[in-house]
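Structure first, commentary second.
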Amino acid sequence: MKKLLMVAVATASIAATPAMAADSDSKNFRIRANVQPECSVADPQNVNFGNLAIERAPGSGALLLTTAFDNDFQNIWTSCNYAAKITLTSTNGGMTTTEVNDGPDAADFTDTIHYNLSLRPSDGTAFSPVFLTTGQGVFTRFRDQTDAFHDDAVLRTTITQAFNPLRPLAGRYTDTAVVSVGPI
């Protein structure tokens, strides 16, 4: 019995001894990812001004454009996830026709109809607006943006009499305009 009691006392004293705490350790680590620079612009709809009105009555204003077109607005999503450039370009520097302005009274006529093109943010703040007037002899306008932007931007195409002071030759007028967004 003494032996059994000693074993029980020895076992109880082992169980009552607190366990030794193990050393702890921690390490930092990085979590990383990359996002590639990206810009996108939605496809604008083609603009067709139809038949442009000209003065049909005889006199000093005969054959001049009589109506300005100021109602073509469309929204196009325009986005860049970095500071980028927005560019408006006219391929021909205005709408041109295949009819050549080479007659004896060529100074009164034109084979180019000029237009205004603008892209501005729908909320007025997402990016700085860009304007192109082909009648100023400029084919491209751009504006560097200082930060990322995402907006359902307003693309506007207009024809004004002020930039079309000559009599347009008869014919079909076309141009290709380009909206681009990308690196500065």
*Convex hull projection area averaged over all views, the chain, Cα basis, nm²*: 20.2 nm²
_Computed over the chain: relative contact order in percent, which uses C-alpha pairs under 8 Å that are six or more apart_ = 29 percent
*Mind checking the per residue accessible area of the chain for me, 1.4 Å probe, whole number of Å²?*
69 Å²
_Highest to lowest packing among 43-53, 109-119, 168-178, 22-32, scored as the average C-beta count within 10 Å_ = 109-119, 168-178, 43-53, 22-32
_Output needed: percent of Cα pairs per 10 Å distance bin for the range 23-86, bins running from 0 to the one holding the longest distance._
14, 20, 18, 15, 12, 8, 5, 4, 3, 1, 0
*List, in order, the whole-Hz ³J(HN,Hα) value for each residue of the range 136-143 obtained from phi through the Karplus relation with A = 6.51, B = -1.76, C = 1.60 and θ = phi - 60°; use x for Gly and Pro.*
9, x, 10, 9, 9, 10, 9, 9
*Can you pull a Stokes-Einstein diffusion coefficient for the range 100-140 at 37 °C (0.692 mPa s), Rh from Kirkwood over Cα pairs, as a whole number of µm²/s?*
256 µm²/s
*Express the carbon and sulfur contribution to the solvent-accessible surface of the chain as a percent, rounded to the nearest whole number, probe 1.4 angstrom.*
54 percent
*Where in the range 129-154 is the amide nitrogen less than 20 Å from a point lying 7 Å along the Cα-to-Cβ axis of D72?*
130-142, 153-154
*asked:* Multiplying the sequence separation of A42 and R143 by 0.36 nm and subtracting their Cα-Cα distance, what value in nm do you get?
replied: 34.5 nm
*Quick one: net charge of A68's neighbours, Cβ under 14 Å, K/R +1, D/E -1?*
-2
*In percent, what relative contact order does the range 113-184 have, based on Cα pairs under 8 Å that are 6 or more apart in sequence?*
37 percent
*asked:* For the ranges 128-140, 76-88, what's the packing order if you count other beta-carbon atoms within 10 Å of each residue, average per peptide, and put the highest first?
replied: 76-88, 128-140
*Is it possible to state the helix-based mean residue ellipticity at 222 nm for the chain, with each DSSP H run of 4+ residues giving -39500 (n - 2.57), the sum divided by total residues, to the nearest 500 deg cm²/dmol? What is it?*
-2500 deg cm²/dmol
_Less than 14 Å Cβ to Cβ from T140, Lys/Arg counted +1 and Asp/Glu -1: what total charge do the surrounding residues give?_
+1
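The values are calculated or read from the model by the stated rules, or taken from the named source; none is laboratory data. Bear in mind that the values here come from a model prediction, so they are computed numbers and not experimental data. Quick reminder, even Gly has a Cβ in these numbers, built from the backbone with ideal geometry, and neighbours come from all protein chains shown. When the accessible area is computed, the model is the full protein with side chains, heavy atoms only, and any ligands, DNA or RNA have been set aside. Shrake-Rupley method; radii C 1.70, N 1.55, O 1.52, S 1.80 Å.
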